[in-house]
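The values are calculated or read from the model by the stated rules, or taken from the named source; none is laboratory data. All values derive from a computational prediction rather than experimental measurement. Glycine also receives a Cβ, built like all others from the backbone with ideal geometry; neighbour counts cover every protein chain displayed. To get the accessible areas, we keep the full protein, side chains included, count just its heavy atoms, and leave off ligands, DNA and RNA. Shrake-Rupley method; radii C 1.70, N 1.55, O 1.52, S 1.80 Å.
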Amino acid sequence: YKPLTDQLVCFQGRSIDDREPRYRTEGQRSIYVPWVDLKPRRLYIVEGPFDVFSFTRVDPNVVAMLGIQPSEHQINELLELGLECDTKELVVWFDTGATEEAYALQAKLQPHIRTHVLIHSGSNKDPGSMSQTEIQAVLTEFDGSER
């Protein structure tokens, strides 16, 4: 995990007309960490940068995988970030259609750091299309649930 660099490592673009593939990522996919001063007890993991942009209105402790199929490189980056930030818990919140992938990521991270999967069944929205109030409600519900 190297939060600051002066080199382009990766970029991601989105189709403007929803043709497949909707997203295209080029370069070595690293996790997307928008802030370098993270010190979270709980770190949220979402799919993409648009999810991060929406999520940070509620909680800045969020990173994106830039997809739902993380590479070993990305998993190692997450673990390094967790150690560096002394994170006690990871929470994976992928889109509703990527529940299987969220649990697969949890299985890879769980041996190293306590990891949960947040399943939001209230709507088909992902964090990137939710309002600040909706995201806060989901997080409040998650905090009140038994895990």
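Remark: spin-label model distance Asp18-His73 equals 3.2 nm, labels positioned 7 Å along the Cα→Cβ axis. In the stretch 56-147, what percent of the accessible surface is made up of carbon and sulfur (1.4 Å probe, ligands and nucleic acids excluded)? In the stretch 56-147, the share of accessible area belonging to carbon and sulfur is 48 percent. Amide H to amide H, with H built 1.01 Å from N, Val91 comes under 5 Å of Leu43, Tyr44, Ile45, His116, counting only residues 5 or more places away or on other chains.
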